[in-house]
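S.K.: I'd like to ask some things about the structure below.
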Amino acid sequence: MNRHDPDARVRLPREPYPGLRPFLDFEAALLFGRERQVREVIEHLRQTQFVAVLGGSGSGKSSLIRAGVVPELRSHGIPGAGDLWLPMTCTPGTNVSAADSAVRGHSPITRLARRFATLLRSRGSEAADAERCIEIAAVFRQEAGFARLLDTYGGELDLPPGLDPSDARVLFVLDQFEEIFHPTNKDVEDARLLVERVLDHFFAPHPRCHVVLTMRSEHLNDCATFLELPDAINKSSYLVRRLDVDELRGAITGPAQRFLRLVARSSDPARALPDAVVFEEAVLDRLLHDVQAITHDPDHLPLLQHLLARLWEAALERGEMDVAVPARITIGDLTRAVNAAARGDRGPLDSKVNTLRACVENWPEALYQWHDAGKREQFDNLFRHLAFKDPNTGLYSQQRIDVDSGAQLLGPGASRADLRALIAEGFLGSVDYLFWDEEDPARVTLKVSHESFIRGWARFRALIDTESTHFDEFLSVLRKGADWSLGARAEDYLLEAGELRRLADSGFAQRLRQADKRITWRRFLALDRDAARLTQHEGALDAFFAASQTRLAERQLREGRARRSARWLVVFTVLFALLPTALFSVFVQGPTMRRAELLFDAGNRANRATLNANQAAVGDAGSTLDSLLRAAELIEAARIGEGS
């Protein structure tokens, strides 16, 4: 229904399962298990023309609105409202600072203005259309902005011939409304004005204007930042519930059968198509078991859709002929889908393995490993910038980046074409791990399709956890640096030796010198509740860290000198302690031992002498007499101390 895209109502889906992205409006026929929820949301719209659709990440909020509510409204979903509904979906957006908003004109309101302009006829030139976008943003910023848009531009709505613009109703869908609370939207005037315009509509809606916002339920507390926003949400909110087992069965098998019917209607009648897509009982049982096993996990629905998309691919690849729709979905298909096709069947699946979680772990890892070491390093640099971990809540969140900035992460001279070529090899495509957003040609961005990809792939999660740890180190040092600044830079506030050793082991000093790290840390710092105070002292951080290192070096020098002095003192002490013993040994113990040896020798000689009264001849007793005389000499020597 706009000049830029084909009419969404006549487009045909390319596959029955969207993977990690939400269902879109032209895929309404493939959305199963949400019929009751669609009716309930529409009832809210009938009563108040406003509804806040709440739910955890992965609960299916966006799919419910785009592929459920919008098509139902176009089928006279609200009695008396007709079927001429023009949906307009936009997100507040992230990575918009106050400076960026002023210089480049990117803000939550300018994004809405560009999306609303797609509902209008062209004014004849790109320049005129661009000027109108600026006008639309200015009109919307005024009180009752939604109503003013319809009153001002209703006559320019791009409708088929014969339709009266006054019969058209516009559905403004503010998807991912939690982005309004993102740190890069803090202190952005257009972020505040968007909330005010939502409240204007809630209290005084235009008769042909309806507003839906979708928001992650964990951000409900953030709504209290705006005075009356909690009141509006309390009075017209809808909490998306999880699917029961019958709805899950329909969500698994229904899209395949419906897709077969759609292909049959649009194909050559001679084209061979099966009568039905049959899921083997073992496949269906395993899928139902594994999805029910993790229903406590808010990611269970996107993980199921991801596995179903891979399962469909595996079934098509198994076919011997080029077919658009497989006749059967087998347990072998499931095995290949879970293990990442290149690994083969590898026998039956382990019953302890959750197929949903294994699939979202194995496929990205296989795609990553298919690249060489250089490309893998580029992926690491890229993924570090596509998500962050909230330092207050510990939740993983996607982070939109400008594609030109993303290209710089690949290395010097890399272009956005190089970036697209890198991620096109598996990460952009039917399963859509990443989303290349060209909604605003002046600012093309890249983002993660869904946070479940961050949480589901261990490598991605580890990269973000490491970055979070590095930020925690920075924040800890900054807090102590702030105390040091406030404490007249006294030595008592400096980092101690143990803290500095830990920081040295982690490479903190090197990261502190990296400009891109400091920019990232400043952005995360805005999330901290003490951000206003800490930001004032961030400029003194380098001096604080240097002073801490200098004090440690001086202490180590003094301690080194003290240790050397202590060693010499020990040496002298030992020598002094051993001197009396040495003197005693030389002057007392030595002579005594020598005298004892002389007396012992004399005794031995005397004992060996043999006296015989009858000698055969004169001189026969000479040897005996010599022994006795020698013994006598030894005794005399011992007496007078000779030889000592």
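S.K.: Quick one: would you say Arg318 is basic (Lys, Arg), touching a Pro at 6+ places or on another chain (Cβ under 9 Å) and open to solvent by 20 Å² or more (accessible area, probe 1.4 Å)?
M.R.: Yes: the conditions hold for Arg318.
S.K.: Would segment 44-55 turn up any residue that is part of a loop (DSSP other than H, G, I, E, B), at pLDDT 90 or above and farther than 30 Å from Gly426 by Cβ?
M.R.: Yes, because at least one residue in segment 44-55 is part of a loop (DSSP other than H, G, I, E, B), at pLDDT 90 or above and farther than 30 Å from Gly426 by Cβ.
S.K.: Right, here's the next one. If Ala488 passes every condition in (1) part of a loop (DSSP other than H, G, I, E, B); (2) surrounded by 13 or more Cβ atoms within 10 Å (Cβ to Cβ); (3) aliphatic (A, V, I, L, M) but one, which one does it miss?
M.R.: So Ala488 meets the others, but not (2).
S.K.: Hey, another quick one. Could you check segment 116-134 and list, in sequence order, the residues that are within 17 Å of Val170 (Cβ to Cβ), of a type outside the set (Gly, Ala, Ser) and in a helix (DSSP H, G or I)?
M.R.: The answer is Phe116, Arg132, Cys133.
S.K.: Restricting to segment 390-409, and then to whatever is buried (at least 17 other Cβ atoms within 10 Å of the Cβ) and within 13 Å of the chain's Cα centre (by Cα), can you tell me which residue is nearest to Asp465 (Cα to Cα)?
M.R.: Tyr396
S.K.: May I ask you to verify whether Leu287 is in contact (Cβ under 8 Å) with a residue 12 or more places away in the chain, open to solvent by less than 30 Å² (accessible area, probe 1.4 Å) and more than 25 Å from Leu149 (Cβ to Cβ)?
M.R.: yes
S.K.: Of all residues being touching a Leu at 6+ places or on another chain (Cβ under 7 Å) and outside any loop (DSSP other than H, G, I, E, B) in segment 72-95, which is surrounded by the fewest Cβ atoms within 10 Å (Cβ to Cβ)? Just the residue, please.
M.R.: Across segment 72-95, the extreme among qualifying residues is Met88.
Each row is one residue, and each column tells you yes or no for (1) in contact with a Phe, Trp or Tyr (Cβ under 8 Å, 6 or more places away or on another chain); (2) farther than 17 Å from Ser468 by Cβ; (3) open to solvent by 20 Å² or more (accessible area, probe 1.4 Å).
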| site | (1), (2), (3) |
| --- | --- |
| Asp492 | no, yes, yes |
| Gly498 | no, yes, yes |
| Gly507 | no, no, no |
| Gln510 | no, yes, yes |
| Arg513 | no, yes, yes |
| Arg518 | no, no, yes |
| Leu527 | no, no, yes |
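S.K.: So in segment 136-154, with the set limited to residues that are charged (D, E, K, R) and either closer than 16 Å to Glu189 by Cβ or not in a helix (DSSP H, G or I) (or both), which one is least open to solvent (accessible area, probe 1.4 Å)?
M.R.: Among residues in segment 136-154 that are charged (D, E, K, R) and either closer than 16 Å to Glu189 by Cβ or not in a helix (DSSP H, G or I) (or both), the one least open to solvent (accessible area, probe 1.4 Å) is Arg141.
S.K.: Taking Glu438 as meeting all but one of (1) in contact (Cβ under 8 Å) with a residue 12 or more places away in the chain; (2) under 18 Å from Ile401 (Cβ atoms), write down the number of the exception.
M.R.: Glu438 satisfies all of (1) in contact (Cβ under 8 Å) with a residue 12 or more places away in the chain; (2) under 18 Å from Ile401 (Cβ atoms) except (1).
S.K.: Another question, then. Name the residue, out of Leu552, Leu579, that is open to solvent by less than 100 Å² (accessible area, probe 1.4 Å) and at pLDDT below 70.
M.R.: Being open to solvent by less than 100 Å² (accessible area, probe 1.4 Å) and at pLDDT below 70 holds for just one of Leu552, Leu579, which is Leu579.
S.K.: Within segment 225-256, restricting attention to residues that are polar (S, T, N, Q) and open to solvent by 50 Å² or more (accessible area, probe 1.4 Å), which residue is nearest to Leu334 (Cα to Cα)?
M.R.: That would be Asn234.
S.K.: Here's another thing I want to ask about it. Scan segment 155-173 for residues that are within 15 Å of Leu84 (Cβ to Cβ), in contact with a helix residue (DSSP H, G or I) (Cβ under 9 Å, 6 or more places away or on another chain) and open to solvent by 10 Å² or more (accessible area, probe 1.4 Å) and report the count.
M.R.: Qualifying residue count for the region: 5.
S.K.: Just give me the residues in segment 200-243 being outside any helix (DSSP H, G or I) and more than 22 Å from Leu171 (Cβ to Cβ), in sequence order.
M.R.: Listed by number, the residues that qualify are Phe226, Leu227, Glu228, Arg241, Arg242, Leu243.
S.K.: May I ask you to list the residues in segment 410-429 that are open to solvent by less than 30 Å² (accessible area, probe 1.4 Å) and assigned to a helix (DSSP H, G or I)?
M.R.: Result: Leu419, Leu422, Ile423.
S.K.: Okay, next question. Looking at segment 430-450, which of its residues are at pLDDT below 90, open to solvent by less than 40 Å² (accessible area, probe 1.4 Å) and among the charged types (D, E, K, R)?
M.R.: Asp432, Asp437, Asp440, Arg443
S.K.: Which of the residues belonging to segment 182-199 are open to solvent by less than 40 Å² (accessible area, probe 1.4 Å) and either in a helix (DSSP H, G or I) or without any contact (Cβ under 8 Å) to a residue 12 or more places away in the chain (or both)?
M.R.: Within segment 182-199, Pro183, Thr184, Asn185, Asp190, Ala191, Leu193, Leu194, Val195, Arg197, Val198, Leu199 qualify.
S.K.: Just to be sure, is Arg249 closer than 30 Å to His44 by Cα, touching a residue at least 12 places away in the same chain (Cβ under 8 Å) and in a loop (DSSP other than H, G, I, E, B)?
M.R.: So Arg249 does not fit the description; no.
S.K.: For segment 440-448, indicate whether the set of residues that are of a type in the set (S, T, N, Q) and touching a Gly at 6+ places or on another chain (Cβ under 7 Å) is non-empty.
M.R.: The answer is no; no qualifying residue exists.
S.K.: Just give me the residues in segment 56-71 being touching a strand residue (DSSP E or B) at 6+ places or on another chain (Cβ under 8 Å), part of a helix (DSSP H, G or I) and of a type in the set (S, T, N, Q), in sequence order.
M.R.: If the condition is that a residue be touching a strand residue (DSSP E or B) at 6+ places or on another chain (Cβ under 8 Å), part of a helix (DSSP H, G or I) and of a type in the set (S, T, N, Q), then Ser62 is the only one that fits.
S.K.: Determine whether segment 12-24 contains at least one residue that is assigned to a helix (DSSP H, G or I) and at negative phi.
M.R.: The answer is no; no qualifying residue exists.
The values are calculated or read from the model by the stated rules, or taken from the named source; none is laboratory data. Small disclaimer: the values here were computed from a predicted structure and weren't measured. Here Cβ is always computed from backbone atoms with ideal geometry, including for glycine, and neighbour counts include all displayed protein chains. Please note that ligands, DNA and RNA were not included when accessible areas were found on the heavy atoms of the full protein model with its side chains. Shrake-Rupley method; radii C 1.70, N 1.55, O 1.52, S 1.80 Å.
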